[in-house]
Amino acid sequence: MRVTVFGTGYVGLVTGTCLAEVGNQVVCVDIDEAKVAGLNKGVIPIYEPGLEEMVLANHASGRLAFTTEVAGPIAHGDIIFIAVGTPPDEDGSADLKYVLAVARTIGQHLLRPAVVVNKSTVPVGTADKVRAAIAAELKARGSEVAFEVVSNPEFLKEGDAVKDCMRPDRIVIGTDSAHALEQMKRLYAPFNRNHERIIPMGVRSAELTKYAANAMLATKISFMNEMANIAERVGADIEMVRHGIGSDPRIGYSFIYPGAGYGGSCFPKDVQALEKTAKQHGYSAQILEAVEAVNARQKHKIFELAERHFGGQLAGKTFAVWGLAFKPNTDDMREASSRTLLDRLWAAGAKVRAYDPEAMDEARRIYGERDDLVLADSPAAALEGADALVVLTEWKAFWSPDFAKIASVLRAPVLFDGRNIYDPNEVEGAGLAYYGIGRGRTVATPN
Ligand SMILES: NC(=O)c1ccc[n+]([C@@H]2O[C@H](COP(=O)([O-])OP(=O)(O)OC[C@H]3O[C@@H](n4cnc5c(N)ncnc54)[C@H](O)[C@@H]3O)[C@@H](O)[C@H]2O)c1
């Protein structure tokens with residue numbers, strides 16, 4: 001099929017590439033000229049396992065093109081995806097300006113019938129706004145060309161995006177048009193061979209499904225962080241509690257890891273946006289408010305542990321930080337817990353020596369040159385001259401370090417494990433003080 005994708009970020013680039021991989025003719029459009037020029041030269045703007053090879057191969061085969069031009073690509077697509085960003089507005093609701101700008105552009109250039117598919121995460125009711133924006137532009141041109149608007153939310157995970165796109169758990173298609181559903185089924189047939197993954201539903205249900213999924217996952221994390229904060233006050237180990245509850249098949253082991261808070265471009269903004277949608281409809285979403293509040297507090301957890309360990313004397317101390325990305329296998333630092341920690345350490349007069357396997361360029365872009373930040377080129381280099389070590393992203397490369405060596409290098413041997421990936425006994429046995437999340441009595445109990 002002939003496919004056009006607006007937006008070449010995590011979602012648009014991965015979707016466009018996977019659709020080209022299975023034989024479609026795909027044109028990806030972005031307004032970012034530098035990004036498009038880079039893609040045309042084989043420079044992939046994000047780190048995603050498996051993506052680079054796939055982009056290069058499909059681009060070379062002529063099935064995948066990148067452009068900033070709009071008229072040609074709109075004429076090209078039987079199916080036109082909108083996969084642009086929906087960042088939070090000032091009040092936390094989703095800002096639809098990019099989505100609606102694409103809708104207007106489509107309306108200005110559409111010459112033949114097409115199915116317009118919204119893949120961005122958008123509040124319930126957005127499909128109606130997209131439809132109205134396209135229709136208004138067509139009307140202004142005196143055009144009566146037919147089009148349909150479908151909601152097809154994206155569930156890929158950064159770090160696993162290509163895999164998720166090639167083997168999706170589910171394909172949610174929100175439409176009340178039999179023709180549009182048929183087109184979408186044809187497009188997704190190569191991803192749907194093993195068993196039926198397509199879940200057709202109404203447009204509004206599809207829009208809400210995406211928010212509900214992210215809100216549920218964020219809730220699991222904040223719930224576990226809440227339990228961790230109780231555990232450390234009562235002298236329990238949250239890791240034992242996690243095993244104890246995960247063994248119940250009604251609860252399960254996935255996504256119940258306590259830690260230094262969730263980040264990324266999705267959970268924080270989507271929980272907030274859903275809360276706003278609820279409010280706009282006269283409903284106060286109390287669970288969502290608590291999920292967000294618990295997470296905001298959790299992002300300060302490691303700093304607070306460090307402050308207490310050093311008796312409030314952080315000025316002049318140097319912290320080695322392993323992991324800057326909001327999770328492993330990505331270079332994305334949007335809303336990452338590392339950002340909260342670094343800001344607080346700097347505000348307290350401490351210095352940072354940081355290492356991340358993929359996010360160094362992103363860190364350089366965000367922070368530039370500053371005296372209190374060294375971007376080290378290895379985990380070992382980050383430790384040089386440091387007082388303490390903080391691990392904030394559970395990259396596989398950090399899982400089995402030589403603790404004795406770390407203890408011998410650090411000036412005040414202490415390890416803050418923001419993801420509970422280490423065995424406290426092993427760490428302490430090597431001569432380091434250990435702090436995890438919710439593991440033992442790190443908070444004094446009042447009498
Ligand atoms: N990142 C994820 O893991 C993920 C997963 C599922 C859903 N989503 C949702 O998908 C949407 C896109 O997310 P992302 O992470 O890919 O965003 P992103 O910020 O990585 O990329 C968005 C891209 O859209 C481009 N763009 C903006 N306006 C444009 C226009 N008028 N025409 C063409 N291109 C334009 C930007 O230049 C940018 O390259 C968001 O709504 C997000 O919530 C993201």
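The values are calculated or read from the model by the stated rules, or taken from the named source; none is laboratory data. As the structure is a computational prediction, the values presented were derived from the model and not from experiment. Neighbour counts are summed over all protein chains in view; Cβ atoms, including those assigned to glycine, are modelled from backbone coordinates with ideal geometry. All accessible areas refer to the heavy atoms of the entire protein, side chains included, with ligands and DNA or RNA removed. Shrake-Rupley method; radii C 1.70, N 1.55, O 1.52, S 1.80 Å.
Overview of values
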| quantity | calculated |
| --- | --- |
| Residue in segment 161-176 that is within 25 Å of Asp128 (Cβ to Cβ) and open to solvent by 80 Å² or more (accessible area, probe 1.4 Å) present | yes |
| Count of residues meeting criterion [part of a loop (DSSP other than H, G, I, E, B), at pLDDT below 95 and closer than 18 Å to Pro153 by Cβ] in segment 88-102 | 1 |
| Residues of segment 57-81 classified as of a type outside the set (Asp, Glu), away from the ligand (no atom under 11 Å from the Cβ) and part of a loop (DSSP other than H, G, I, E, B), total | 3 |
| Among the candidates Lys129, Lys119, Lys163, Lys210, residue that is of a type in the set (D, E, K, R), within 16 Å of the ligand (Cβ to nearest atom), touching a Pro at 6+ places or on another chain (Cβ under 6 Å) and modelled with pLDDT of 95 or more | Lys210 |
| Any hit, segment 369-376, residues being over 15 Å from Phe303 (Cα atoms) and assigned to a helix (DSSP H, G or I) | no |
| Among the candidates Val150, Val84, residue that is crowded, with 21+ Cβ neighbours inside 10 Å, outside any helix (DSSP H, G or I) and away from the ligand (no atom under 14 Å from the Cβ) | Val150 |
| Scan of segment 376-397 for residues that are surrounded by 22 or more Cβ atoms within 10 Å (Cβ to Cβ) and either modelled with pLDDT under 95 or within 26 Å of the chain's Cα centre (by Cα) (or both), ordered by number | Ala382, Leu389, Val390, Val391, Leu392, Thr393, Trp395 |
| Counted residues, segment 1-29 - those being open to solvent by 10 Å² or more (accessible area, probe 1.4 Å), part of a helix (DSSP H, G or I) and closer than 21 Å to Asn192 by Cβ | 2 |
| Matching residues in segment 268-322 - criterion: being assigned to a helix (DSSP H, G or I), closer than 25 Å to Pro379 by Cβ and either of a type in the set (A, V, I, L, M, F, W, C) or open to solvent by less than 50 Å² (accessible area, probe 1.4 Å) (or both) | Gln298, Lys301, Ile302, Phe303, Leu305, Ala306 |
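Okay, residues lined up against (1) within 16 Å of the ligand (Cβ to nearest atom); (2) over 24 Å from Pro328 (Cβ atoms):
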| position | (1), (2) |
| --- | --- |
| Ala236 | no, yes |
| Gly246 | no, no |
| Gly259 | no, no |
| Cys266 | yes, no |
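Here is a yes/no grid of residues against (1) over 16 Å from Leu288 (Cβ atoms); (2) touching a helix residue (DSSP H, G or I) at 6+ places or on another chain (Cβ under 7 Å); (3) of a type in the set (S, T, N, Q); (4) part of a helix (DSSP H, G or I):
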{"residue": "His195", "(1), (2), (3), (4)": "yes, no, no, no"}
{"residue": "Leu208", "(1), (2), (3), (4)": "no, no, no, yes"}
{"residue": "Ala212", "(1), (2), (3), (4)": "no, no, no, yes"}
{"residue": "Ile230", "(1), (2), (3), (4)": "yes, no, no, yes"}
